[in-house]
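Student: I have a structure here, written as structure tokens, and I will follow up with some questions on it.
The values are calculated or read from the model by the stated rules, or taken from the named source; none is laboratory data. Nothing here was measured: the structure is a model prediction, and the numbers come from that model. FYI the Cβ positions are ideal-geometry reconstructions off the backbone, even for glycines, and counts take in every protein chain you see.
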Amino acid sequence: MPVFRSTRVVLPDGVGAADIHVENGRIARIDDSDARLKPSRSEDDRLIDVGDLVISPGLVDTHVHVNEPGRTEWEGFDTATRAAAAGGVTTIVDMPLNSVPATTDVAALEAKRSAARGRVHVDVGFWGGVIPGNAGDLDGLVDAGVRGFKCFLVPSGVDEFPHVTERDLREALPIVARRGVPLLVHAEHPDHLTPPTQPAYLAYLASRPPRAERAAVEMMIRLAREFGAHVHIVHVACAEAVDAIARAKADKVPITAETCPHYLTFTAAEVGAGATEFKCAPPIRAASHRDALWAGLQSGTLDLVATDHSPAPPAMKCGDFMTAWGGIASLELSLAAVWTAYSDVGPAFQAGQRGHAASAPLREMFRWMSAAPAALARLDDRKGRIAVGHDADLVIWDPDGTSTVEPSRLQQRHPTTPYAGRTLSGVVRETYLRGQRVWNNGALDQRSAGTLL
């Protein structure tokens with residue numbers, strides 16, 4: 001059985017030297033820094049000693065738009081899971097929209113599973129969708145294995161996934177609460193959105209103001225409290241939403257929330273004229289909002305980081321901020337992007353904790369990007385931590401290494417990215433799925449090694 005060794009292993013209670021013993025794809029034993037000095041290994045053991053490279057739990061990305069079937073020219077299971085493996089992501093949970101059909105009933109879920117089967121390089125779970133009129137399908141979707149549900153409070157951008165009103169939510173939330181699954185919410189309130197009046201970024205930014213997020217979050221807090229349902233706010237982008245979520249958590253409302261690498265990295269001031277590769281919804285805002293998101297992560301108000309990987313063909317990303325598709329593809333870059341942003345602007349580093357050897361940043365980052373998303377998707381009994389009994393999903397990476405993003409070398413289907421030309425810290429060397437290497441220093445190592453969860 002393989003034994004993984006490093007002087008820096010990210011464990012739930014700290015970072016240190018350890019040996020990770022793997023048997024039948026699961027972690028069978030972990031020897032700490034004392035025990036590992038005199039390992040008792042059988043002749044069948046294969047030692048993988050990576051020195052002082054970091055061994056972390058594989059990332060779990062709970063916000064990925066794979067878009068297959070129906071819009072495979074946008075992404076697809078093959079390219080999406082290649083990108084995941086390259087970025088140290090060992091589990092993704094696919095969003096119910098942008099595929100055709102959308103995952104709003106069991107037949108659509110089975111169509112998506114059929115499209116994915118035998119074509120995934122990491123493990124893949126699925127969210128179901130809540131749309132007007134499908135409350136009767138929700139129990140069946142849970143029974144068929146969806147990890148929870150996603151809805152939009154504003155138009156989603158695709159006709160087959162319409163947004164919901166409070167009336168629709170009042171039909172769905174009792175079922176969500178009874179089944180003990182989360183409802184993921186795109187939280188912008190339609191009453192506060194206006195059409196952009198000019199093609200420039202500042203006009204787009206003004207058309208989706210922070211008050212739209214705040215009003216939507218406040219509505220969902222009210223409904224979560226009323227129904228006792230777990231509501232999860234996706235891609236939080238503004239300080240006002242962080243404040244509202246903090247107050248709700250203090251009142252014991254069952255609410256969790258995420259933000260994304262691009263909100264933690266970029267600011268509106270960096271978005272140049274015509275730079276539609278930055279377009280997303282909610283939009284990337286001023287630096288003060290970015291700082292509030294970092295503070296929200298460190299305080300526990302924001303629970304996790306997920307990519308909202310939302311690719312589209314380059315022709316759809318061209319044009320201006322009125323017409324271009326809104327979505328950022330960053331599945332492969334999420335580990336490096338967050339690590340770099342944490343080093344550059346994260347509050348802990350600003351407080352004097354600089355240095356990539358520091359254990360607290362490593363532990364925090366993988367709580368946000370592995371353990372917490374695994375818990376959201378109800379996979380934390382086997383994913384998200386380096387712990388005995390868990391799947392041996394591991395990423396071996398160099399936190400001090402750097403690389404410059406060359407779009408043509410990315411594994412995603414289309415190269416469009418706002419990270420193009422940016423130098424990022426944190427280089428993934430190898431990715432292991434249940435103890436089997438799936439990514440090896442720039443190349444896919446095992447095809448179709450993933451399973452459908």
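Student: Restricting the search to the stretch 424-450, which residues are among the acidic types (Asp, Glu) and within 15 Å of Ile55 (Cβ to Cβ)? Write out each step before concluding.
Tutor: The first filter runs over the stretch 424-450 and keeps only residues among the acidic types (Asp, Glu), leaving 430, 445.
Glu430, the sole residue that qualifies.
Student: Looking at Gly355, Gly327 in this structure, which one is farther than 20 Å from Val54 by Cα and either in contact with a helix residue (DSSP H, G or I) (Cβ under 9 Å, 6 or more places away or on another chain) or at pLDDT below 95 (or both)? It would help to see each step written out before you state the result.
Tutor: Details: Gly355 fails: farther than 20 Å from Val54 by Cα.
Being farther than 20 Å from Val54 by Cα and either in contact with a helix residue (DSSP H, G or I) (Cβ under 9 Å, 6 or more places away or on another chain) or at pLDDT below 95 (or both) holds for just one of Gly355, Gly327, which is Gly327.
Student: Loosely packed, with under 13 Cβ neighbours inside 10 Å, at pLDDT 95 or above and not in a strand (DSSP E or B): does that describe Asp78? Steps first, answer last, please.
Tutor: Values: loosely packed, with under 13 Cβ neighbours inside 10 Å: no; at pLDDT 95 or above: yes; not in a strand (DSSP E or B): yes.
In short, no.
Student: Continuing with this model, one more query. Residues Val305, Val253: which one is among the hydrophobic types (A, V, I, L, M, F, W, C), touching a Cys at 6+ places or on another chain (Cβ under 8 Å) and under 30 Å from Ala177 (Cα atoms)?
Tutor: Working: Val253 fails: touching a Cys at 6+ places or on another chain (Cβ under 8 Å).
When all the criteria are applied, what remains is Val305.
Student: Moving to a separate point now. In the stretch 94-126, which residue that is within 12 Å of Ala80 (Cα to Cα) and not charged (D, E, K, R) is nearest to the chain's Cα centre (by Cα)?
Tutor: First pass over the stretch 94-126, keeping only residues within 12 Å of Ala80 (Cα to Cα): 94, 116, 119-124.
Among the residues that remain, those that are also not charged (D, E, K, R) are: 116, 120-122, 124.
Working: Ala116: 19, Val120: 17, His121: 17, Val122: 14, Val124: 13 Å.
Only one residue fits best here, namely Val124.
A quick yes/no check of all residues on (1) in contact with a helix residue (DSSP H, G or I) (Cβ under 8 Å, 6 or more places away or on another chain); (2) in a helix (DSSP H, G or I); (3) of a type in the set (Val, Ile, Thr):
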site	(1), (2), (3)
Ala107	no, yes, no
His121	yes, no, no
Val124	yes, no, yes
Val154	yes, no, yes
Phe161	no, no, no
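Student: Being surrounded by fewer than 24 Cβ atoms within 10 Å (Cβ to Cβ), modelled with pLDDT of 95 or more and of a type in the set (Lys, Arg) narrows it down to one residue among Arg71, Arg46; which is it? Write out each step before concluding.
Tutor: Values: Arg46 fails: modelled with pLDDT of 95 or more.
When all the criteria are applied, what remains is Arg71.
Student: Hey, does the stretch 141-151 have a residue that's assigned to a loop (DSSP other than H, G, I, E, B) and of a type in the set (Gly, Ala, Ser)? Working first, answer last.
Tutor: First, pick out the residues of the stretch 141-151 that are assigned to a loop (DSSP other than H, G, I, E, B): 145-148.
Filter again for of a type in the set (Gly, Ala, Ser), leaving 145, 148.
Within the stretch 141-151 (the criterion being assigned to a loop (DSSP other than H, G, I, E, B) and of a type in the set (Gly, Ala, Ser)), the answer is yes, since at least one residue qualifies.
Student: Restricting attention to the stretch 257-305, which residues are within 15 Å of Pro210 (Cα to Cα), small (Gly, Ala, Ser) and in a loop (DSSP other than H, G, I, E, B)?
Tutor: Residues of the stretch 257-305 that are within 15 Å of Pro210 (Cα to Cα), as a first pass: 259, 263, 267-268, 280-293.
From the residues that got through so far, the ones that are small (Gly, Ala, Ser) too are 268, 281, 286-288, 292.
Of everything in the stretch 257-305, those that are within 15 Å of Pro210 (Cα to Cα), small (Gly, Ala, Ser) and in a loop (DSSP other than H, G, I, E, B) turn out to be Ala281, Ala286.
Student: Just a yes or no: is a residue in the stretch 393-401 assigned to a loop (DSSP other than H, G, I, E, B) and modelled with pLDDT of 95 or more? Don't jump to the end; show me each part of the working.
Tutor: Restricting attention to the stretch 393-401, the residues satisfying the condition of being assigned to a loop (DSSP other than H, G, I, E, B) are 393.
Remaining after also requiring modelled with pLDDT of 95 or more: 393.
Yes: the stretch 393-401 contains one or more residues that are assigned to a loop (DSSP other than H, G, I, E, B) and modelled with pLDDT of 95 or more.
Student: Another question, then. Looking at (1) touching a helix residue (DSSP H, G or I) at 6+ places or on another chain (Cβ under 8 Å); (2) surrounded by fewer than 21 Cβ atoms within 10 Å (Cβ to Cβ), which is the only condition Val271 fails?
Tutor: (2)
Student: Sticking with this one: When both residues are 6+ apart or on different chains and their Cβ atoms are under 6 Å apart, which pairs have a first residue that lies in the stretch 325-344 and is aromatic (Phe, Trp, Tyr), and a second that is part of a helix (DSSP H, G or I)?
Tutor: Trp325/Met316; Trp325/Lys317; Tyr342/Pro361
Student: Let me ask you something else. Determine which member of the set Thr417, Thr404, Thr423 is within 25 Å of Asp78 (Cα to Cα), of a type in the set (Val, Ile, Thr) and over 18 Å from the mean Cα position of the chain (by Cα). Lay out the reasoning, then the answer.
Tutor: Numbers: Thr417 fails: over 18 Å from the mean Cα position of the chain (by Cα); Thr423 fails: within 25 Å of Asp78 (Cα to Cα).
Among Thr417, Thr404, Thr423, only Thr404 is within 25 Å of Asp78 (Cα to Cα), of a type in the set (Val, Ile, Thr) and over 18 Å from the mean Cα position of the chain (by Cα).
Student: So, one more: Regarding the stretch 198-216, can at least one residue be identified that is within 16 Å of Gly326 (Cβ to Cβ) and in contact with a Ser or Thr (Cβ under 6 Å, 6 or more places away or on another chain)? Show your work before the answer.
Tutor: Taking the stretch 198-216 and keeping what is within 16 Å of Gly326 (Cβ to Cβ), we get 199-209, 212-213.
If we keep only those that are in contact with a Ser or Thr (Cβ under 6 Å, 6 or more places away or on another chain) too, we end up with 203, 207.
Yes; the residues of the stretch 198-216 include at least one that is within 16 Å of Gly326 (Cβ to Cβ) and in contact with a Ser or Thr (Cβ under 6 Å, 6 or more places away or on another chain).
Student: A further question on this structure: Name every residue in the stretch 73-105 that is closer than 21 Å to Gly326 by Cα and without any contact (Cβ under 8 Å) to a residue 40 or more places away in the chain, in order of residue number.
Tutor: Within the stretch 73-105, Asp94, Ser99 qualify.
Student: Consider Thr307 carefully, then state whether it is on the phi < 0 side of the Ramachandran plot and surrounded by fewer than 24 Cβ atoms within 10 Å (Cβ to Cβ).
Tutor: Values: on the phi < 0 side of the Ramachandran plot: yes; surrounded by fewer than 24 Cβ atoms within 10 Å (Cβ to Cβ): no.
In short, no.
Student: A follow-up question, please. Output the qualifying pairs, or none if there are none: Cβ atoms under 7 angstrom, residues six or more apart or on different chains, first residue in the stretch 173-191 and crowded, with 23+ Cβ neighbours inside 10 Å and at pLDDT 95 or above, second residue of a type in the set (D, E, K, R) and part of a helix (DSSP H, G or I).
Tutor: Short answer, once both residue conditions are applied: Ala187/Glu213; Glu188/Glu213.
Student: Within the group Arg437, Arg447, which residue is more than 16 Å from Pro314 (Cα to Cα) and not in a loop (DSSP other than H, G, I, E, B)?
Tutor: On the way: Arg447 fails: not in a loop (DSSP other than H, G, I, E, B).
So the residue among Arg437, Arg447 that is more than 16 Å from Pro314 (Cα to Cα) and not in a loop (DSSP other than H, G, I, E, B) is Arg437.
Student: Name the residues in the stretch 402-434 that are buried (at least 19 other Cβ atoms within 10 Å of the Cβ), hydrophobic (A, V, I, L, M, F, W, C) and not in a strand (DSSP E or B), would you?
Tutor: Val405, Leu410
Student: Run down Ala287, Ala248 and say which single residue is surrounded by fewer than 24 Cβ atoms within 10 Å (Cβ to Cβ) and farther than 27 Å from Val181 by Cα.
Tutor: Working: Ala248 fails: farther than 27 Å from Val181 by Cα.
That would be Ala287, the only listed residue that is surrounded by fewer than 24 Cβ atoms within 10 Å (Cβ to Cβ) and farther than 27 Å from Val181 by Cα.
Student: So for the stretch 365-377 (the condition being part of a strand (DSSP E or B), crowded, with 19+ Cβ neighbours inside 10 Å, in contact (Cβ under 8 Å) with a residue 40 or more places away in the chain and not β-branched (Val, Ile, Thr)), does at least one residue qualify? Don't jump to the end; show me each part of the working.
Tutor: Here is the first cut: in the stretch 365-377, the residues part of a strand (DSSP E or B) are none.
Looking through the stretch 365-377, none of the residues is part of a strand (DSSP E or B), crowded, with 19+ Cβ neighbours inside 10 Å, in contact (Cβ under 8 Å) with a residue 40 or more places away in the chain and not β-branched (Val, Ile, Thr).
Student: On the basis of being in contact with a strand residue (DSSP E or B) (Cβ under 8 Å, 6 or more places away or on another chain) and of a type in the set (Gly, Ala, Ser), does Ala244 make the cut? Please lay out each step first, then the result.
Tutor: Values: in contact with a strand residue (DSSP E or B) (Cβ under 8 Å, 6 or more places away or on another chain): no; of a type in the set (Gly, Ala, Ser): yes.
When the stated conditions are applied, Ala244 does not pass them.
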